[in-house]
Structures are given as structure tokens and as C-alpha cells.
Amino acid sequence: QVQLVESGGGLVQAGGSLRLSCAASGRTFNMYTMGWFRQAPGKEREFVAAVTWTVNTYYADSVKGRFTIARDNAKNTVFLQMNSLKPDDTAVYYCASGRPFPLDQQRGYDYWGQGTQVTVSS
């Protein structure tokens, strides 16, 4: 059974940083694209970033230059380093695994974590 478990969320002031982690189990981690999505209250879930099995990365315009996605295949873990956080970044962040094309297409990810809350205060 595939499991994705996020951690690292919390409350941070605007301009601060957080590092999210997602530990995966149950499938050959390095064979799949890993993505991060987020959902703010009252809004649809949106793409944040993705890293392919070949370690190519892709970002939403809203986070480009502030967020960095990385994967550690030896630890079956994907990370999202979030810097210069803004109140608009407040959301539940989800990691996902799959073989999407294009990389921001949600239906291409077949497994999802339970989410971790990120709150950025102004």
C-alpha cells in the first residue's frame, strides 16, 4: 500500500521560511514524479511544484524564485523549501506521487498525502 506522509507545516510570519517533507512508502519512489499542491480556504487545490524521476523541476509562477523542491531517493522523501513566505501562501499543502503529463495536471497523480497546514501571518 502506497503511503505519503507530510510534515513540517506550521505558523510563520511573513518573510519567514518553512521546510515541508513528504515521506513515501509502498512503491519504487525513484520511478515516479513527486509533486506539491496546496488548497487555501474557499479555493480549489492548485499546483505548487514538481520534481520528476529524472530530477527535472517545475514551479507555479506564484512560487518561482521563493520555493525549491528536491528529492532524496535514498530516503524516499521529497522536500519543499519555502522562503519569503507571504500570507497568500497560507493553505493546506499536499504531496502527491504519479506520472502526470503535464506535471501540473492533478489527475496524473494517483496517490496523495493527508496534507499539512501552513499559515503565514502578516
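The values are calculated or read from the model by the stated rules, or taken from the named source; none is laboratory data. Given the structure is predicted, the values throughout are model-derived calculations rather than measurements. Accessible surface is based on the protein model in full, side chains and every heavy atom, while ligands, DNA and RNA are left aside. Shrake-Rupley method; radii C 1.70, N 1.55, O 1.52, S 1.80 Å.
Any idea what diffusion coefficient the stretch 2-122 gets from Stokes-Einstein, in µm²/s, Kirkwood Rh on alpha carbon pairs, 10 °C, 1.306 mPa s? Can you show the working numbers first?
Working: Rh = 14.0 Å.
For these conditions, the coefficient is 113 µm²/s.
Can you give me the relative contact order of the stretch 1-109 as a percent, contacts being Cα pairs under 8 Å and 6 or more apart?
Working: 216 pairs, mean separation 34.4, N = 109.
Once divided by the residue count of the stretch 1-109, the mean separation gives 32 percent.
For residue 11 and residue 83 in the same chain, what is the full-extension length gain: residue separation times 0.36 nm, less their Cα-Cα distance, in nm?
Details: separation 72, 0.36 × 72 = 25.92 nm, distance 1.34 nm.
Answer, rounded to one decimal: 24.6 nm.
Counting only protein heavy atoms and a 1.4 Å probe, tell me what percentage of the chain's accessible area is made up of carbon and sulfur. Walk me through the numbers before you get to the answer.
On the way: 3040 of 6400 Å².
Of the solvent-accessible surface of the chain, carbon and sulfur hold 47 percent.
How much accessible area per residue does the chain have, in Å², with a 1.4 Å probe? Write down the numbers at each step before the final one.
On the way: 6400 Å² over 122 residues.
Heavy-atom accessible area per residue stands at 52 Å².
What value in Å³ per residue do you get for the convex hull of the alpha-carbon atoms in the stretch 68-122? Mind showing how you got there, number by number?
Numbers: hull volume 5.8 nm³, N = 55.
Normalising the Cα hull of the stretch 68-122 by residue number yields 105 Å³.
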